Structure formats: C-alpha cells, structure tokens
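Report on one structure; see the data block that follows.
The values are calculated or read from the model by the stated rules, or taken from the named source; none is laboratory data. What you see is a predicted model, and the numbers here were worked out from it, not measured in a lab. Glycine also receives a Cβ, built like all others from the backbone with ideal geometry; neighbour counts cover every protein chain displayed. We work out accessible area using only protein heavy atoms, side chains counted, and drop any ligands, DNA or RNA first. Shrake-Rupley method; radii C 1.70, N 1.55, O 1.52, S 1.80 Å.
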Amino acid sequence: GESVGLHLPTLSVQEGDNSIINCAYSNSASDYFIWYKQESGKGPQFIIDIRSNMDKRQGQRVTVLLNKTVKHLSLQIAATQPGDSAVYFCAEKAYNNNDMRFGAGTRLTVKP
Amino acid sequence: DAGITQSPRYKITETGRQVTLMCHQTWSHSYMFWYRQDLGHGLRLIYYSAAADITDKGEVPDGYVVSRSKTENFPLTLESATRSQTSVYFCASSGRTSDNEQFFGPGTRLTVL
C-alpha cells in the first residue's frame with residue numbers, strides 16, 4: 001500500500017547548525033504534506049505545511065521543500081537550537097479528507 | 001485556556017477488560033480525532049468525528065468504539081482490551097476538514113497486561 005516514510009530514524013546536529021530532515025512519500029494524490037514536532041511526553045505540534053502545487057514554503061526558521069519528481073519532502077531548520085530537539089513527523093493529507101497519514105518519525109538531537 | 005485534555009494520563013488494565021479514554025476540548029472545534037502511536041508506526045488514525053453524533057472509521061478502528069454526544073467530548077472505548085492495544089493514545093481536534101493543523105492532547109499511555 002502507499003505510505004509516508006522517512007529516510008533516517010535519528011539525526012544529531014550541533015547547536016547553531018542547520019538541520020535537514022527528510023521524508024519519502026508514495027501517494028501522488030495527496031494535496032498537502034505536513035510536518036509535526038513532538039517533544040518528549042507531549043502530543044505532536046503542527047510546524048508547517050505545503051500544498052502539492054508548491055515546491056517551497058518558508059516559516060519562522062523552517063523551510064519545507066517538496067520534490068514531486070522523486071516524491072521527496074524535507075524540513076530544514078535554520079540555526080538549530082536545543083529546544084528543537086524532538087521527533088519530527090511528516091504527514092500527508094487530501095484536501096477534503098480527515099485521514100492524515102503519518103510517517104514513522106525522525107528523532108533530532110541538538111548537541112550544545 | 002485548557003485547550004484539549006485527556007484522562008487518564010496513564011492506565012494499566014488486563015486483557016478482556018473494558019477501558020474508556022476521555023478527551024475534552026474547549027475550542028468548540030467541529031472535528032475530533034483519536035490516534036494511536038506505536039514505535040515504528042508513527043501515528044495511526046483510529047476514529048474521527050466531524051460533529052456531534054457523527055463518527056467515522058480511520059485506518060485502524062477494529063476493537064475500538066467511539067461516541068460523541070457533545071461537541072467538546074470524544075471518548076474512546078476499548079470494549080475488550082487486548083495486549084496489542086498497548087499503546088499511547090492521542091486525541092486531537094481541528095476546526096475544519098481542510099485544516100492541516102490538528103491540535104493534540106498530551107496523550108494517554110495504556111498498558112494491557
């Protein structure tokens with residue numbers, strides 16, 4: 001079946017460096033791709049989304065890139081801070097559908 | 001501003017027992033969701049509700065029952081708990097179907113012995 005997945009289960013970066021978290025997807029029919037952040041002991045928190053007809057979207061210190069040719073999604077975090085340490089999930093969703101499908105997650109650890 | 005709350009936060013039960021997990025939101029959001037989170041599977045949608053008295057199955061509904069008599073509450077019941085239902089359960093809400101931002105509760109860690 002079609003699914004959303006991740007390239008790497010863990011990522012460790014130095015404080016101040018940029019982080020890149022990758023995600024592969026296989027459902028070309030999804031309208032949106034979304035990133036969530038989950039801190040230890042908490043529920044996931046929305047970070048940013050991108051519509052399927054876009055290839056880049058920027059937020060505060062984050063940028064999401066979408067490459068539909070290779071079905072690849074990435075989240076870039078600029079000047080990574082200790083507070084960015086968390087598990088990051090990519091997800092996909094159709095516009096008028098409540099069934100949001102999540103990937104397995106990547107754990108980002110920021111070293112001081 | 002309480003937002004979205006879940007209770008209990010931790011629960012241990014035995015195989016075959018009925019368990020109900022509670023979810024309450026104060027935003028008057030129309031949509032509410034139940035997910036389970038297991039290592040290696042991310043979050044998987046169990047059930048969702050578009051409004052009071054309207055519920056629908058998600059990806060993994062078997063063994064679960066939901067109801068929504070009031071907009072603010074969305075309880076999840078395991079009628080006869082099994083070990084495979086040991087998981088962390090998250091409730092979430094959103095205002096519209098088109099919303100990609102769902103607001104998640106803190107989760108309930110359920111262990112079935």
inquiry  = I'd like to verify a number: residues in the stretch B:66-94 that are touching a residue at least 40 places away in the same chain (Cβ under 8 Å), assigned to a loop (DSSP other than H, G, I, E, B), more than 14 Å from B:ILE46 (Cα to Cα) and open to solvent by less than 50 Å² (accessible area, probe 1.4 Å), how many?
reply    = 1
note = Going through (1) within 12 Å of another protein chain (Cβ to nearest Cβ); (2) within 21 Å of A:ASN96 (Cβ to Cβ); (3) crowded, with 20+ Cβ neighbours inside 10 Å; (4) not hydrophobic (A, V, I, L, M, F, W, C) one by one, B:THR108 fails only at (2)
query = Is it the case that some residue within the stretch B:53-64 is more than 8 Å from every other protein chain (Cβ to nearest Cβ), touching a residue at least 40 places away in the same chain (Cβ under 8 Å) and within 18 Å of B:GLN18 (Cβ to Cβ)?
reply = no
key: strands (runs of 3 or more DSSP E) contained entirely in the stretch B:1-61, each with at least 3 residues that are over 15 Å from B:LEU76 (Cβ atoms)   = B:42-51
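Residues that are within 8 Å of chain B (Cβ to nearest Cβ) and within 14 Å of the chain's Cα centre (by Cα): find the strands (runs of 3 or more DSSP E) completely inside the stretch A:59-110 holding 1 or more of those.
On the way: elements: A:62-67, A:72-77, A:86-93.
Hits in the stretch A:59-110: A:86-93.
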query = Restricting attention to the stretch B:34-52, and to residues there that are open to solvent by less than 20 Å² (accessible area, probe 1.4 Å) and in contact with a Leu (Cβ under 6 Å, 6 or more places away or on another chain), which single residue is farthest from the other protein chains (Cβ to nearest Cβ)?
reply = B:TRP34
